[in-house]
Structure formats: C-alpha cells, structure tokens
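What follows is one structure encoded as structure tokens, with my remarks underneath.
The values are calculated or read from the model by the stated rules, or taken from the named source; none is laboratory data. Since we're looking at a predicted model, the values are computed, not measured. Side chains included, ligands, DNA and RNA excluded: accessible areas come from the protein's heavy atoms. Shrake-Rupley method; radii C 1.70, N 1.55, O 1.52, S 1.80 Å.
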Amino acid sequence: MPEEENKRLSYLDAMGVQVWQARSTREVEVVEAAAGARAHAATLAPGASASVAPTVTEAGADVDVSQLDWEALRARVQVCTQCELHQGRTQAVFGVGNRNATWMVIGEGPGVDEDRLGEPFVGRAGQLLNNMLLAIGLPREQVYIANIVKCRPPQNRDPRPEEAASCAAYLARQIALVQPQIIVAVGRVAAQNLLNTELSVGRLRGQRFSYDQSEIPVIVTYHPAYLLRSPKEKRRAWQDLLLARETLRGLGTGDS
Ligand code: SF4
C-alpha cells in the first residue's frame with residue numbers, strides 16, 4: 001500500500017473511522033460517500049446567519065479595526081486591553097495559517113498551551129484537529145485557524161458574552177482579510193457566537209449556515225478537546241467535515 005494511503009488511513013483511524021472496512025481505496029470512498037450523504041440529508045437552516053459585526057467601537061480606543069491590515073491588526077490584538085481577559089494572559093493568541101485560505105477553522109479561545117506558545121490549537125486537542133484536517137486532505141498550514149477570544153480565560157472557563165463581544169471585531173476583520181470559502185466552527189462557544197444562537201452543537205451540526213450577511217457557509221462540529229473526552233463522537237465530527245467538503249464542492253470551487 002502506498003505510503004500516502006497508509007498515512008491517510010491513520011488519520012481516518014484517528015477520526016474513529018473504521019479503517020478495517022477499507023480493504024481498498026474504493027471502499028474508503030464508499031464509506032466517505034455514505035457518511036457524506038447522511039450529513040447532506042440533514043435539515044438546512046433557512047436564513048440562519050452569523051452575527052459577528054466588524055464594528056469600530058467594539059474594539060475601542062479610536063481604532064477602526066475594520067480597516068486594519070494584517071500587521072496592524074496583529075499589533076493591535078497584542079496590546080489589547082478591551083476586556084478583563086488581558087489581565088491573565090501570557091500573550092494574546094492572534095491566529096495562524098494561510099492568510100489566503102479556502103478553509104477557516106474557528107475555535108473558542110486559548111488554553112494553557114496556546115497561551116504559552118502563542119498559537120491556537122496546540123497540544124493534544126491541536127494534534128487531533130490536525131488529524132481531522134489531514135483526514136480530508138488538508139494540511140494544517142493550508143487553513144487559517146483563529147479563536148472567538150484571543151486571550152486565555154482563567155481556569156479555561158468559557159469566555160463570557162461581553163468578552164466575546166469585545167473581541168468580535170478582531171475575528172470579523174480576520175475573516176474579512178482571509179475571505180475563506182468555508183468556515184468550520186469547532187465547539188459550542190464558537191458556534192454560538194458565530195451564529196448568534198444558544199443551541200447546542202448537537203442541534204447545530206449537520207446543517208449549513210452562513211456567516212453574517214455573507215454567503216460564506218458555516219459548518220458546526222465538535223471541539224477536538226471534547227472529542228478526546230468523548231471519542232465515540234469522532235464519527236459525527238468526520239461526517240461534519242465531509243459535509244463541509246461537500247458544501248465547498250457544491251460551490252464549484254473544486255478546492256477541498
Ligand atoms: S480577549 Fe480580545 S478583547 Fe479581550 S483583551 Fe484579549 S484581545 Fe482584547
């Protein structure tokens with residue numbers, strides 16, 4: 001079996017996909033197609049949209065965040081004191097990846113490892129995210145990864161609504177600069193803030209939403225940290241990624 005195929009099967013295995021079923025590449029494709037079809041059959045949410053507003057005042061201090069370029073935006077985030085989360089950070093965690101990415105992954109906020117290293121999704125959860133992306137053929141470097149809040153909440157608690165609101169303009173500007181063709185919201189906090197809802201991930205996954213007033217599709221899935229605690233849900237996360245890829249292909253980009 002070619003090395004590339006071996007690698008792919010190991011990523012699928014990390015996603016909880018039963019690779020023992022795949023005695024040939026064709027059978028893997030059959031498994032993917034079946035999972036994708038189930039995801040596709042999920043109910044579409046009419047008119048659902050996100051609500052992150054790239055307003056000037058939310059980021060405060062006389063800075064029009066919506067006009068900043070990458071370097072000015074990063075510099076602004078590094079010194080931001082707009083919410084109390086700045087008090088406990090080692091550093092703000094801006095975001096990482098391809099600034100011209102087709103795929104954008106948005107999580108909740110930095111944890112202890114991210115706060116220390118200054119990069120989102122590192123550690124075990126980050127490794128699982130990498131494997132999730134690789135399972136659909138996406139090296140981490142090919143996507144852009146960011147969080148709802150850029151500073152670590154104490155004791156890894158959820159960001160409060162006012163903290164997410166304070167940080168929203170930064171994320172909105174990142175999205176505007178990247179101009180992704182699809183957004184994957186990982187975890188409840190990311191999904192709820194991006195879609196302005198209080199529904200659970202279980203209720204939101206398997207559907208296509210759109211970001212703000214745009215036509216950028218948003219697909220919701222579980223946070224890799226949750227998947228580490230609940231590995232049985234990996235199969236659903238895999239279905240979500242297939243839905244995202246299928247959505248992208250439906251847009252006619254041909255870029256998965
Ligand atoms: S979380 Fe966002 S708004 Fe709050 S201090 Fe950090 S960068 Fe600023």
Original post:
What is the Cα convex hull volume of the range 130-200 when expressed per residue in Å³?
Top reply: 119
**OP:** Enter the accessible area of PHE94 (Å², nearest 10), with the probe set to 1.4 Å and all protein chains included.
**Re:** 0
Original post:
Can you run phi through the Karplus equation (6.51, -1.76, 1.60; θ = phi - 60°) for the range 93-110 and list ³J(HN,Hα) in whole Hz, with x for Gly and Pro?
Top reply: 10, 6, x, 8, x, 6, 6, 10, 5, 6, 9, 10, 10, 10, x, 8, x, x
**OP:** Over 21 Å, how big is the tail of the calculated P(r) for the range 64-180, in percent of all Cα pairs?
**Re:** 33
